[in-house]
Amino acid sequence: MRVTGLRLVNFRNYPSLSLRPDAGLCVLTGENAAGKTNVLESLFLCSLGRSHRTIRDGEMVRAGELFASVAVDVDTRGGPRRIECKLFPNERKKITIDGAPLSRSGELLGCLNVVMFAPEDLSLVKDGPGERRRFLDMAISQLRPSYYYTLQQYNTALKQRNALLKDPDGLDYDALESWDEQLAVLGASIILNRMELVDRLGEIATEQHETLSDGAETLKVEYEPNVAPQSSSDLAKTLRLALSDTAERDVYRGSTSVGPHRDDLGLRVSGTDVRVYGSQGQQRTTVLSLKLAQLEILRAEKEDSPILLLDDVFSELDRNRQKMLLIAAQDCQTFLSCTHLEEVAAAGVQQMQVYQVANRRVTEL
């Protein structure tokens, strides 16, 4: 898989931009706030239908403009595709693939697979369980778009159940039981998918972490479900019973206390919970190990290398970790942003396409 063309109009700080990137390593270099990250963000947007930086689409529209557009041409194993996303300050975005509008946002998933590593990804380890659930859900959705719809249905049912719980005086217990049934079936599917991914992710991430730390540390990745399954066959029944058992407490609190919306991902380095006690270096290595594992799983399952997006991460990695990244990216088209080109050259890169980013322009050197 490779991006053959990128066209931006009124996106972030760019009035207009057109790139024809090479298949290998594409380096965007320039001062901070020049717009390097904006280019990577546009590719992420056309992969997952959302920004990695904001939940507000209007923030990606250039100030004072009525719309913004991002168009990406991509070569895949199934042939060339063109993905276009139009953004508006106060309207919902519109996405098309090969000119055909999407009826559901999930139809985009799998058309352009990306793995992104950026400084803010430390939140995956440092922040709360929601960040780790989001990482798992986005990773699974790229592998299996049907999971995305299951997740949507679960979240809709969860909102409906919570709405009932917030009105205890007029609570309809028959309706509550109906939502419990839906949450149990959908939740079981979500848990099973997460269990499968974490098993694969943990094995590869442990190997990557051992290499990155020169064997000095061991990473253990564990799925921490809010409702522990006894077996995969009766998981829906287990969830249904848990919802029933906690109904009285849920009515008192006005929210649903059990289910996969409260899962977490356990991350331990040499027996220590890196989420709480890890140094910044350990946390960064943990994130890098998880991302490299995600890259490997995507490559194996799709039989096609995803696009790797590296946003200003070289300055935060030592030389060994820089080289590990480059080894992992050997058969991936990679977009790397940096402030100093010397950092990339010092890591032993032989061939790269270099773009200078300045004054709202991107110029190939």
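The values are calculated or read from the model by the stated rules, or taken from the named source; none is laboratory data. Quick caveat, the model's predicted, so the values are computed rather than measured. When we count neighbours, we look across all protein chains shown, and the Cβ atoms used for this are built from the backbone with ideal geometry, even at glycine. Note: accessible area is taken over every heavy atom of the protein model, side chains too, but ligands, DNA and RNA are not part of it. Shrake-Rupley method; radii C 1.70, N 1.55, O 1.52, S 1.80 Å.
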Exercise for the section: Filter the stretch 227-253 down to residues that are open to solvent by less than 40 Å² (accessible area, probe 1.4 Å) and of a type in the set (D, E, K, R), then give me how many there are. Expected result: 1
Exercise for the section: Output yes when any residue across the stretch 332-355 is under 21 Å from the mean Cα position of the chain (by Cα) and open to solvent by 40 Å² or more (accessible area, probe 1.4 Å), and no when none is. Expected result: no
Practice task
Being charged (D, E, K, R) and assigned to a helix (DSSP H, G or I) is the filter; apply it to the stretch 148-169 and report the residue that is farthest from Arg262 (Cα to Cα).
Solution key: Asp169
Exercise for the section: Could you please tell me which pairs satisfy a Cβ distance under 9 Å, a separation of 6+ or placement on different chains, a first residue in the stretch 281-295 that is within 15 Å of Lys126 (Cα to Cα), and a second residue that is among the aromatic types (Phe, Trp, Tyr)? Expected result: Val287/Phe117; Leu288/Phe117; Leu290/Phe135
Exercise for the section: Test Leu40 against the stated conditions and say whether it is open to solvent by less than 30 Å² (accessible area, probe 1.4 Å), under 24 Å from Pro119 (Cβ atoms) and outside any strand (DSSP E or B). Expected result: yes
Practice task
Give me the pairs, please: first residue somewhere in the stretch 93-112 and at positive phi, second residue anywhere and assigned to a helix (DSSP H, G or I), beta-carbon distance under 9 Å, and either six or more positions apart or on two chains.
Solution key: Gly110/Ser141; Gly110/Gln142; Gly110/Leu143; Gly110/Pro145; Gly110/Lys302
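Each row is one residue, and each column tells you yes or no for (1) within 30 Å of Arg2 (Cα to Cα); (2) crowded, with 17+ Cβ neighbours inside 10 Å; (3) touching a strand residue (DSSP E or B) at 6+ places or on another chain (Cβ under 9 Å); (4) at pLDDT 90 or above.
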site	(1), (2), (3), (4)
Pro225	no, yes, yes, yes
Ser255	no, no, no, yes
Pro260	no, yes, no, yes
Gln294	yes, yes, yes, yes
Exercise for the section: Starting from the stretch 159-172, keep only residues that are open to solvent by 80 Å² or more (accessible area, probe 1.4 Å), then list their pairs with residues that are among the aromatic types (Phe, Trp, Tyr) whose Cβ atoms are within a distance under 6 Å, requiring at least 6 positions of separation or different chains. Expected result: Gln160/Trp179
Completion exercise
With the first residue restricted to the stretch 354-365 and required to be among the small types (Gly, Ala, Ser), and the second required to be open to solvent by 70 Å² or more (accessible area, probe 1.4 Å), Cβ contacts under 9 Å at 6 or more apart or on different chains are Ala358/Glu31
Problem - Search result, residues across the stretch 107-131 that are more than 30 Å from Arg77 (Cβ to Cβ), touching a helix residue (DSSP H, G or I) at 6+ places or on another chain (Cβ under 8 Å) and either open to solvent by less than 10 Å² (accessible area, probe 1.4 Å) or assigned to a loop (DSSP other than H, G, I, E, B) (or both) - result: Val125
Handout entry: Residues within the stretch 185-218 that are hydrophobic (A, V, I, L, M, F, W, C), more than 23 Å from Pro145 (Cβ to Cβ) and open to solvent by less than 50 Å² (accessible area, probe 1.4 Å), tallied
Key = 2
Practice task
Could you please let me know if Ala184 is at pLDDT below 95 and either charged (D, E, K, R) or in a helix (DSSP H, G or I) (or both)?
Solution key: no
